[in-house]
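> Take a look at the following structure, please.
Any read-out appearing in this document is the output of simple, stated calculations on the displayed coordinates, not a laboratory observation. As the structure is a computational prediction, the values presented were derived from the model and not from experiment. All Cβ positions, glycine included, derive from the backbone under ideal geometry; neighbour counts span all protein chains shown.
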Amino acid sequence: MPLPEHEQRQLQEIEQALCRDDPKFGRRMRASYPQMRYKRQLIRAQLGFVIGAGLLTAGAVTHRVYLEAVGLVIVLLSLVWAVIIWRRHVARVRPARSGAGTNTANGTKHQLGQTRRARMMKRMEERWRRRHEGNGGMPGRTRS
């Protein structure tokens, strides 16, 4: 469950204060962010792809089959690694949903196409409707 905006701002202010007080700690903290890790791994996979392509090209130019083979293996492994990294990142960012819908905390199901905002609006409308019906149609007054 994501934090409300004011709590996110407070958390960012605390992080910024920690980074100002101890820059070394701040660098370590930022380095451990999942997005930074994802970017570093993706850069490594891209670097592997470029090295492999270079070896493949060098092997083709110099007619060395072993260079072509090593280059091809490195290119393929780099591509597979990049796909694995991307899939793990996507799985963390937006978890997969199974079935026609997912169960919510109160046991109801919502459709896959519904956005979080649409579900929130539906809940708010339902609460308003119940409150309105329970108060005899007049908001602000309670029944005795």
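> With θ taken as phi - 60° and the coefficients 6.51, -1.76 and 1.60, list the Karplus ³J(HN,Hα) couplings across the range 121-127 in order, rounded to whole Hz; mark glycine and proline as x.
So the Karplus estimates, Gly and Pro as x, are 4, 4, 5, 5, 5, 5, 5 Hz.
> Also: Order of 73-86, 8-21 by packing, highest average Cβ count within 10 Å first?
Packing order, densest peptide first, comes out as 73-86, 8-21.
> Okay, next question. Local charge sum around Met120 (other residues, Cβ-Cβ under 12 Å, Lys/Arg +1, Asp/Glu -1)?
+4
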